[in-house]
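Working notes for the structure below.
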Amino acid sequence: MKSIKKYWQLYLIVAIPTVYLLVFRYIPMIGNVIAFRTYLPGGSVFGQEWVGLRYFQMFIGDATFWQVFLNTLSIGIWTLIFTFPLPIIFALLLNEVKNKIFKKFIQTASYLPYFLSIVIIAGMILDFTSSNGFINNAIHFFGGSRILFMQDPKWFQPIYVISQVWQTLGWGSILYLAALTNIDDTLYESAKMDGANRWQQMLHVTLPGILPTIITMLVLNVGSILGVGFEKVLLLQNPLVYSTGDVVSTYLYRVGILSSNFSYATAIGIFEAIIGLVLVLGSNRISAKITKTSLW
């Protein structure tokens, strides 16, 4: 009690996010029980009748769900392939910039897209890729034919991934830039004395110095492969691109919210959470064996 009275400001700071997690993350998990019970809007929040695994069997046998699941997996994997290593490379390049004014300008410009509203981002993407947008005007200027990007399913995933890279590149590099500042300068001096050039210093000093941070972020990113951004996909997609652009979150929105099939949507949500948990545990285990670095 004496500690609480003395450092009550610190405990208050910890209490606020703790209450948030309890109210908005843990307590709502009780509602997952409706995945095993029939639920009617206006009835009991815990459902009316126990039906066991019926809703799980429904989506397992649903071809539409598996198409949506594969779309989500594809977008998640491509997003991870490009949005994970590029911020590391960007941070390493920024670390080599000696002009402070130029470095701050590049950092500010790269951070800006992250702070833009998803609605603004989606609006810019739709405007740039429209038939009379900047990209099509450039294609037409060089003698090409205009492309209906957002009406062609094959273009949805590349456009989403590219926009995600643009939006998160700068912000994702912050953590690695912070990790770079913790590397002891004497290590670089020792490497120089041994005749190491800039490339060899980066390979043998810089990268090993930020490896724990890289592994931690990789494990977390692998676990969120299925967590493709709901808002951006919903704002960008249309029925013409459902074959490649419909993901689990937007599918849940249609079948759960719009169709009021809450039990079915909850069952799919639990399945998605289990897949994410398996990915996190698996990637952490592999990382611990290969690099001897892990989250736990």
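Rg over Rh of segment 154-230, using C-alpha atoms and the Kirkwood radius, what does it come to?
Over the Cα atoms of segment 154-230, Rg/Rh equals 1.13.
Compare Leu21, Leu80, Leu126 in a GNM of the chain, Cα atoms joined below 10 Å, and give the one with the largest fluctuation.
Leu21
Find which of Leu22, Gly170, Thr216 sits farthest along the positive direction of the dipole of the chain, computed with +1 on the beta-carbon of Lys and Arg, -1 on that of Asp and Glu, about the Cα centre.
Towards the positive end, the residue furthest out is Leu22.
Can you list residues from other chains, or at least 5 along the same chain, whose modelled amide H is less than 5 Å from the amide H of Arg37?
Amide H neighbours of Arg37, under 5 Å, 5+ apart: Val51.
Suppose R0 equals 41 Å; then what is the FRET efficiency for Lys103 and Lys5 from their Cβ-Cβ distance, rounded to the nearest 0.05?
0.35
Considering only Ile215, Ile118, Ile183, give the residue with the highest GNM mean-square fluctuation for the chain, with springs between Cα atoms whenever their separation is below 10 Å.
Highest fluctuation among the options: Ile183.
Shape of segment 250-296 from its Cα gyration tensor (a ≥ b ≥ c, root eigenvalues): rounded if a/c is under 1.5, otherwise prolate when a/b > b/c, or oblate?
Note, shape of segment 250-296 comes out prolate.
Contour minus end-to-end for Val45 and Asn132, with contour as 0.36 nm per residue of separation and end-to-end as the Cα-Cα distance?
Result for the pair: 26.4 nm of gain on full extension.
Whole Å is fine, so just give me how far the alpha carbon centre of segment 28-57 lies from that of segment 222-278.
Segment 28-57 and segment 222-278 have Cα centres separated by 19 Å.
Under 25 Å between alpha carbons, and skipping anything fewer than 8 positions from Lys192 in its own chain: which lysines qualify?
Within reach: Lys98, Lys100, Lys103.
Please report the carbon-and-sulfur percent of the accessible area for the chain; probe 1.4 Å, protein heavy atoms only, DNA, RNA and ligands left out.
70
Using only the alpha carbons of the chain, determine the length spanned along each of the three principal axes and report them from longest to shortest in whole angstroms.
Extents along the principal axes, in whole Å: 75, 74, 39.
When ligands, DNA and RNA are left out and all protein chains stay put, how many square angstrom of accessible area per residue does the chain have with a 1.4 Å probe?
61
Report the FRET efficiency, 1/(1 + (r/R0)^6), for Trp66 and Ser259, where r is their Cβ-Cβ distance and R0 is 22 Å, rounded to 0.05.
0.75
Give, rounded to the nearest 20 debye, the magnitude of the charge dipole that the chain has about its Cα centre when Lys and Arg contribute +1 at Cβ and Asp and Glu contribute -1 at Cβ.
The dipole magnitude comes to about 680 debye.
Sorting Ile135, Ile270, Ile101 by accessible area (1.4 Å probe), largest first, what list results?
Accessible-area ranking of Ile135, Ile270, Ile101, largest first: Ile101, Ile135, Ile270.
So, with +1 on the Cβ of K and R and -1 on the Cβ of D and E, and no other charges, what is the size of the charge dipole of segment 1-70 about its Cα centre, to the nearest 20 debye?
That gives segment 1-70 a dipole magnitude of about 580 debye.
Multiply the residue gap between Leu177 and Arg54 by 0.36 nm, knock off their C-alpha separation, and tell me the result in nm, one decimal place.
Length gained, Leu177 through Arg54: 39.4 nm.
Compare the Cα positions of Gln57, Tyr114, Phe102 along the charge dipole of segment 22-117 (+1 at Cβ of Lys, Arg; -1 at Cβ of Asp, Glu; about the Cα centre) and return the one farthest towards the positive end.
Phe102
For segment 87-92, in order, what is each residue's ³J(HN,Hα) by Karplus, 6.51 cos²θ - 1.76 cosθ + 1.60 with θ = phi - 60°, in whole Hz (x at glycine and Pro)?
Once rounded to whole Hz, the list reads x, 5, 4, 4, 5, 5.
Arrange the residues Asp62, Asp185 by how much accessible surface each exposes, largest first, with a 1.4 angstrom probe.
The ordering from most to least exposed comes out as Asp185, Asp62.
Can you give the relative contact order of segment 64-186 as a percent, counting alpha carbon pairs under 8 Å and 6+ residues apart?
So the answer I get is 40 percent.
Using a Cα-Cα cut-off of under 18 Å, which aspartates and glutamates could be cross-linked to Lys104, ignoring same-chain neighbours fewer than 8 residues away?
Glu96
Pick out which of Phe24, Phe134, Phe46 has the largest mean-square fluctuation in a Gaussian network model of the chain, springs linking Cα atoms closer than 10 Å.
For the chain, modelled as a Gaussian network with Cα springs under 10 Å, the answer is Phe24.
For segment 59-77 and segment 118-156, what is the separation of their Cα centres, given in Å?
Here the two parts' Cα centres lie 26 Å apart.
The values are calculated or read from the model by the stated rules, or taken from the named source; none is laboratory data. The structure displayed is predicted, hence computed values, not measured ones. Ideal geometry is used to build each Cβ from the backbone, glycine not excepted, and the neighbour counts take in all protein chains shown. Ligands, DNA and RNA are excluded from the accessible area calculation, which covers all protein heavy atoms including side chains. Shrake-Rupley method; radii C 1.70, N 1.55, O 1.52, S 1.80 Å.
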